[in-house]
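Participant: Take this structure first; my questions come after.
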Amino acid sequence: MSQFDRHIPRYNTASVKWDLTETLFGRPDLLPLWVADMDFPVPQKVIDAIKAHADHGIFGYTFPDNAYKNAVITWFRNRHKWGIEPHWIVWSPGVVPALHLLVDALSSPGDGVIIQRPVYYPFFDAIEQTGRTLVNNPLHYDGTGYTMDFVDLRKKVANSKNTLMILSNPHNPVGRVWSVDELIELGEICMMHNVTIVSDEIHCDLILQGSHTPFGTLGKEFLKRAVVCTSPSKTFNLAGLHTANIIIAEDEKRTAFNKAIQRIGMLGPNTLGVIACHAAYEYGEPWLDELLTYIKGNVGFLTEYLATHLPQVQVIPTEGTYLVWLDFRELEPDSNKLERLMLDEAKVALDEGYFFGPEGAGFERINVACPRSILQQALEQIVKVFQYRR
């Protein structure tokens, strides 16, 4: 039995995923497989490091010291073949706050910011709440998977008002791990029109097929025009410790981002976040390798289960992340009815596809980073509802 098969109850722990489900979805009896955190304990070495610091007993102001930065640098050098300089690393309490600050720092009010829907919905807020204009370069869906629409992208970047692009790499929710060729073509198109790329790479360690290409490894010219957002939070289930590392090689962009941080008085990191990030990057690789094997197993289990019991659901191939994108449109094309079926009859809380933009209507995003017994229960509840309707 895998360590990840163990079911650890999370109710009454102030868990957003478990304790807020009733508040957010309106029912007390839902099985939550929505928000992107894992139902797995973090690596033991991380727990030990946090306990050791707790025993020290002092939780004063903290900064990302050289040991911390070296752990980040070593991780990306060994895992992703990317050489990062220490001064490129800027701490942030998360990738989402960083996106808000980056949009504010690297564009002007009224500018267009390009995204590729269906995409992680906090991108929308980072654009709209900073007074920018959302510009959509929709992904192309051929019924089995997704590709970038470079013809449309060329049109969008040719508009001088569109100055920034937020890239999801790997892509949430469709699960694509972008190839080197795709990233180079995207980068060249943006470079021709001086469009800055903010690459959200928070899922970069969760690769199930192929390999992740950090945008910063594509060459010096690409790196000068890009910002890469990283964090141990998805990799090691540390989201509640609010620690991200924003990699900015170009001095002017890094200065602008630091000024944006200073304007809101964001003075320093969570002490335990620093401890956990350092320990995870230094000692967590064996745990991660075992995790990836388990998640691949869960994706395979889900794919086979639906193929057997509900073949009308198209499972989009999951190359990266622990989030699986499911096309339910053959069974229920009305996204509102689909949502009610999931909540009121199947009694599962998923992220509805339309959350990610109108292109996602009729789809569901399911989080498979849970013990297989929980995943199986959710699938059984879903299948029972749709088989009964048929």
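Participant: Please count how many residues of the stretch 153-188 are in contact with a Lys or Arg (Cβ under 9 Å, 6 or more places away or on another chain) and surrounded by fewer than 19 Cβ atoms within 10 Å (Cβ to Cβ).
Facilitator: 1
Participant: Only residues in the stretch 32-45 that are under 17 Å from residue 203 (Cα atoms) count as the first member; pair them with residues that are among the small types (Gly, Ala, Ser) and crowded, with 22+ Cβ neighbours inside 10 Å, Cβ under 7 angstrom, at least 6 apart or cross-chain, and list the lot.
Facilitator: Taking only residues 6 or more apart or on different chains, the pairs are 34/349; 38/369; 39/369; 40/369.
Participant: Tell me yes or no: at least one residue of the stretch 154-163 is closer than 16 Å to residue 215 by Cα, at pLDDT 95 or above, in the same structural domain as residue 221 (by TED's automatic domain parsing) and more than 17 Å from the chain's Cα centre (by Cα).
Facilitator: no
Participant: Which of the following residues is out of contact with any helix residue (DSSP H, G or I) (no Cβ under 9 Å at 6 or more places or on another chain) and among the hydrophobic types (A, V, I, L, M, F, W, C): 177, 198?
Facilitator: From the options 177, 198, the qualifying one is 177.
Participant: Would it be correct to say that residue 48 is in a loop (DSSP other than H, G, I, E, B) and either among the acidic types (Asp, Glu) or not assigned by TED's automatic domain parsing to the domain that holds residue 322 (or both)?
Facilitator: In short, no.
Participant: Right, something else. For the subset of the stretch 337-359 comprising residues that are acidic (Asp, Glu) and part of a helix (DSSP H, G or I), which member is farthest from residue 22 (Cα to Cα)?
Facilitator: Result: 359.
Participant: Provide a single number: the residues in the stretch 17-44 that are crowded, with 16+ Cβ neighbours inside 10 Å, among the hydrophobic types (A, V, I, L, M, F, W, C) and not in a loop (DSSP other than H, G, I, E, B).
Facilitator: Summing the residues that are crowded, with 16+ Cβ neighbours inside 10 Å, among the hydrophobic types (A, V, I, L, M, F, W, C) and not in a loop (DSSP other than H, G, I, E, B) in the stretch 17-44 gives 3.
Participant: Going through 260, 276, 256 one at a time, which residue ends up being crowded, with 23+ Cβ neighbours inside 10 Å, in the same structural domain as residue 95 (by TED's automatic domain parsing) and in a helix (DSSP H, G or I)?
Facilitator: The match here is 276.
Participant: Being farther than 15 Å from residue 80 by Cβ and modelled with pLDDT under 95 is the filter; apply it to the stretch 223-245 and report the residue that is farthest from the chain's Cα centre (by Cα).
Facilitator: The qualifying residue farthest from the chain's Cα centre (by Cα) is 224.
Participant: Being surrounded by fewer than 18 Cβ atoms within 10 Å (Cβ to Cβ), in contact (Cβ under 8 Å) with a residue 60 or more places away in the chain and either part of a loop (DSSP other than H, G, I, E, B) or not assigned by TED's automatic domain parsing to the domain that holds residue 258 (or both) is the filter here; which residues of the stretch 66-92 pass it?
Facilitator: 81, 85
The values are calculated or read from the model by the stated rules, or taken from the named source; none is laboratory data. All of these numbers come straight from a predicted model, not from anything done at the bench. So basically every Cβ, Gly included, is an ideal-geometry build from the backbone, and we count neighbours across all protein chains shown.
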